[in-house]
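Take a look at the structure below.
The values are calculated or read from the model by the stated rules, or taken from the named source; none is laboratory data. Quick caveat: nothing in here was measured; it's all calculated off a predicted structure. Glycine gets a Cβ as well: all are built from the backbone with ideal geometry, and neighbour counts include every protein chain shown. Keep in mind that these areas ignore ligands, DNA and RNA; they rest on the heavy atoms of the full protein, side chains included. Shrake-Rupley method; radii C 1.70, N 1.55, O 1.52, S 1.80 Å.
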Amino acid sequence: MTLRNRFTVFFVTFAVGISAFGGWLSWNAISRALEDQLEQELLSVGGVVRDVALRVDEGLLLLEAGQEDTQEWRDYQELLQLLISTANVDLADIFRWTPGDLEAEALVTAQPPDSISIGQPLSWVVPYLVADVPRAYRQGEATTTRFTGVDGRDYKYVFVRLLSGEAFLGMRFPADHLAPLRRLAATIAGLSVAAAALAALVGWRLAGGIVSRLEMLSRGALRIQRGFMDRPFDLEGEDEVGRLARAMERMRTGIQRRDEQLRLMLSRVAHEIRNPLGGLELFAAAALEADDPRERRRILERVRAEVMGLNGIINEFLEFARPGNTERELHDIRESVSEAAALAEAELKTKGGDLHLAFPDAPLLALADPRQVKRLVLNLLRNAAHAGDTVWVEGLMANGEVRITVRDDGPGIETELRDRIFEPFVGDKEQGAGLGLAIVKELVDANNGRVELADEGPDAGDPGVGAEFRVYLSGPEDLPADGARPETKGEGVAR
């Protein structure tokens with residue numbers, strides 16, 4: 001089922017459910033009110049008949065079979081017939097009942113004398129001799145539950161105890177009070193249908209607006225999947241779909257930027273590898289033609305140097321493409337930095353440079369991957385060693401973070417490159433592929449840290465000032481309350 005259809009079905013179901021539930025509550029409330037009102041009216045009518053028309057009833061118990069022609073019996077019958085004609089009574093009979101009996105004997109009926117005579121059982125009273133007539137005997141009056149007659153109409157019986165205590169008046173009243181409820185039910189049904197139609201229209205329109213925007217996002221995602229990423233996601237709005245569109249736009253620009261970096265990396269790889277290969281080809285040809293062993297050895301040494309440079313370029317690309325898994329642990333970073341400094345110092349001394357390492361005597365605890373800390377510091381040191389002759393490395397704790405500073409005395413970073421210095425292939429180095437600082441950025445991000453190019457004073461970015469990079473790593477989050485040092489791995493001594 002499509003999203004639009006789901007919205008429509010939900011709105012229709014909700015509207016019909018609310019309408020039906022509200023109608024059911026209204027029906028029950030009105031039905032109970034009408035039932036109570038009808039019962040009070042019927043009991044009032046029965047009480048009036050008992051107290052006014054049948055006040056003197058001692059003679060009723062003296063009637064016997066065959067006295068249907070007496071004036072007294074005819075007077076009672078005429079009274080019942082008058083009750084039927086004037087009080088909306090459908091049936092009226094007077095009968096005798098003794099508590100505990102399951103039969104009721106007719107005394108006076110509004111029916112013709114030849115149909116029911118005195119003392120004859122009244123069959124219509126029998127179903128009510130267990131509950132309703134005994135209740136009338138105890139309370140003086142009672143009504144039965146509503147029932148449907150053979151003519152399809154609704155009726156209710158009213159039983160009134162007469163003054164004798166053994167004679168009862170039974171009356172049947174039409175209970176057509178629910179006719180307005182039936183009209184109300186038809187009205188509620190009509191309103192439910194109208195609500196369902198309106199809900200379907202609203203749901204369809206609302207879902208159409210949402211679905212159309214989602215379809216635009218879906219088509220945009222398909223364009224990205226096919227490699228067409230020039231068209232931006234320009235959906236506006238502060239709702240969830242608008243935020244999704246902005247997120248997909250950031251994804252599109254990120255993928256586009258990544259593709260550009262990959263294309264640039266491929267072209268840079270081809271360029272960086274092709275130049276050494278050309279030199280290798282020339283050196284190999286010269287080695288084949290050289291007869292002097294010392295000349296051949298010199299040429300082969302050049303070949304070996306070119307191969308080592310080529311291998312370094314390949315390793316740099318591999319480090320950028322596969323930074324490796326990050327396993328953060330609380331450790332003393334002095335050991336990692338010292339190992340990186342030892343490697344960089346050996347390379348720096350070959351060109352007559354110096355490396356100065358300044359770390360505190362106390363451990364510098366950082367939550368980071370030791371291997372990746374060593375790699376990122378080594379990249380910074382090599383970058384600094386290439387730029388200048390003297391490199392300074394400093395470590396300290398600042399505001400709960402471990403800060404590693406690498407500074408050189410080189411020409412510095414040009415102002416136009418400072419904002420892009422951590423992007424791949426940005427730089428003016430003659431050696432390498434320009435990925436060192438990009439690798440540093442990836443490793444720092446993987447350890448939830450940050451790296452920045454220091455920008456202090458008006459001379460920052462001017463030639464000859466040098467460059468200073470600062471790496472911030474997370475310090476220990478929970479230190480013991482007694483001031484004891486937490487257990488660490490790889491504590492080293494700073495030089």
Selection from the range 435-470 of residues that are under 15 Å from residue 408 (Cα atoms), at pLDDT 85 or above and touching a helix residue (DSSP H, G or I) at 6+ places or on another chain (Cβ under 7 Å): 453, 467, 469
Every residue from the range 405-419 that is of a type outside the set (A, V, I, L, M, F, W, C) and surrounded by fewer than 19 Cβ atoms within 10 Å (Cβ to Cβ): 405, 409, 411, 414, 415, 416, 418, 419
Taking the range 92-151, which residues are in a helix (DSSP H, G or I) and in contact with a Ser or Thr (Cβ under 7 Å, 6 or more places away or on another chain)? 128, 132
Residues being open to solvent by 40 Å² or more (accessible area, probe 1.4 Å) and without any contact (Cβ under 8 Å) to a residue 40 or more places away in the chain - total across the range 103-119: 6
I'm trying to understand the selection: among the residues of the range 357-404, which are part of a strand (DSSP E or B) and open to solvent by 10 Å² or more (accessible area, probe 1.4 Å)? 357, 358, 365, 367, 390, 392, 394, 396, 397, 398, 401, 403
Determine if the range 406-426 includes at least one residue that is at pLDDT 90 or above and of a type in the set (A, V, I, L, M). yes
